[in-house]
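The values are calculated or read from the model by the stated rules, or taken from the named source; none is laboratory data. Everything quoted here is computed from the prediction, not taken from an experiment. Quick reminder, even Gly has a Cβ in these numbers, built from the backbone with ideal geometry, and neighbours come from all protein chains shown.
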Amino acid sequence: MTLLGIDPGLVTTGFGLINNTNNKNKIIDYGTIVPDKTENLSQRLNTIYEDLSYIINKYSPSIMVIEEVFYGKNVKSALLLGHARGVAMICAAKKGIPVFEYSARKVKQSVTGNGTAHKSQVQYMILNAFNIKNNIPIDASDALAIALCHLNQIKLNEL
């Protein structure tokens, strides 16, 4: 089973692919999609769509896991984040890939044991869990954490 984790954003969208075979997790790829900040919203969304479509076509993930919208004080930011999430979900839907969603708190709890962990703590746990020697972009480590969270949930449900 190959999972595609997505940390959506209009400035930076993180992605991470994990293959799980015989309860062994292996990173396939990870990175970020960074639309040009000078472009209008529709062009930035199209960049996310095109790049995610390419990733999905290249790796054929069986599941997409994406971070839920968090409720904050800035409604406009939440709405814009929703656009990026929607684009990612449409990419999955067009290929018939089921989508699972988790809150940031749930992801942090699953990966670090602390639902209020800082992004750097999540990144540290991902680097250690997969024995990665070099730093990776924080958005990519968040995307890998989202995918790992889903794998942890599957294990819990099997108990």
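Structure summary
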{"quantity": "Matching residues, segment 5-37, being under 16 Å from L80 (Cα atoms) and without any contact (Cβ under 8 Å) to a residue 12 or more places away in the chain", "calculated": "D36"}
{"quantity": "Pairs, first without any contact (Cβ under 8 Å) to a residue 40 or more places away in the chain in segment 96-112, second of a type in the set (F, W, Y), C-beta under 8 Å, six or more apart", "calculated": "S103/F70; A104/F70"}
{"quantity": "Breaking point among (1) at pLDDT 95 or above; (2) hydrophobic (A, V, I, L, M, F, W, C); (3) more than 25 Å from E50 (Cα to Cα), for V111", "calculated": "(1)"}
{"quantity": "Given (1) within 17 Å of G16 (Cβ to Cβ); (2) in a loop (DSSP other than H, G, I, E, B), number of the condition K106 does not satisfy", "calculated": "(2)"}
{"quantity": "Any pair with Cβ under 9 angstrom, 6 or more apart, that starts in segment 118-145 at a residue that is under 22 Å from S103 (Cβ atoms) and ends at one that is assigned to a helix (DSSP H, G or I) and among the aromatic types (F, W, Y)", "calculated": "S141/Y124"}
{"quantity": "Scan of segment 113-156 for residues that are among the charged types (D, E, K, R) and surrounded by 21 or more Cβ atoms within 10 Å (Cβ to Cβ), ordered by number", "calculated": "D139, D142"}
{"quantity": "Pair list, Cβ < 7 Å and 6+ apart or interchain, from segment 69-95 residues that are under 15 Å from L4 (Cα atoms) to residues that are aromatic (F, W, Y) and at pLDDT 75 or above", "calculated": "V87/Y49; C91/Y49"}
{"quantity": "Residue in segment 85-103 that is surrounded by the fewest Cβ atoms within 10 Å (Cβ to Cβ), counting only those that are of a type in the set (V, I, T) and outside any loop (DSSP other than H, G, I, E, B)", "calculated": "I90"}
{"quantity": "Identity of the residue in segment 11-26, within 30 Å of A78 (Cα to Cα) and polar (S, T, N, Q), that ends up surrounded by the fewest Cβ atoms within 10 Å (Cβ to Cβ)", "calculated": "T12"}
{"quantity": "Residue in segment 58-76 that is nearest to the chain's Cα centre (by Cα), counting only those that are part of a helix (DSSP H, G or I) and at pLDDT 95 or above", "calculated": "Y59"}
{"quantity": "Flag if L45 is out of contact with any Gly (no Cβ under 7 Å at 6 or more places or on another chain), at pLDDT below 95 and more than 27 Å from A129 (Cβ to Cβ)", "calculated": "no"}
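Matching residues to (1) touching a Pro at 6+ places or on another chain (Cβ under 6 Å); (2) assigned to a loop (DSSP other than H, G, I, E, B); (3) within 28 Å of T21 (Cβ to Cβ):
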{"residue": "E39", "(1), (2), (3)": "no, yes, no"}
{"residue": "L45", "(1), (2), (3)": "no, no, no"}
{"residue": "S53", "(1), (2), (3)": "no, no, yes"}
{"residue": "I56", "(1), (2), (3)": "no, no, yes"}
{"residue": "A78", "(1), (2), (3)": "no, no, no"}
{"residue": "H83", "(1), (2), (3)": "no, no, no"}
{"residue": "I132", "(1), (2), (3)": "no, yes, yes"}
{"residue": "S141", "(1), (2), (3)": "no, no, yes"}
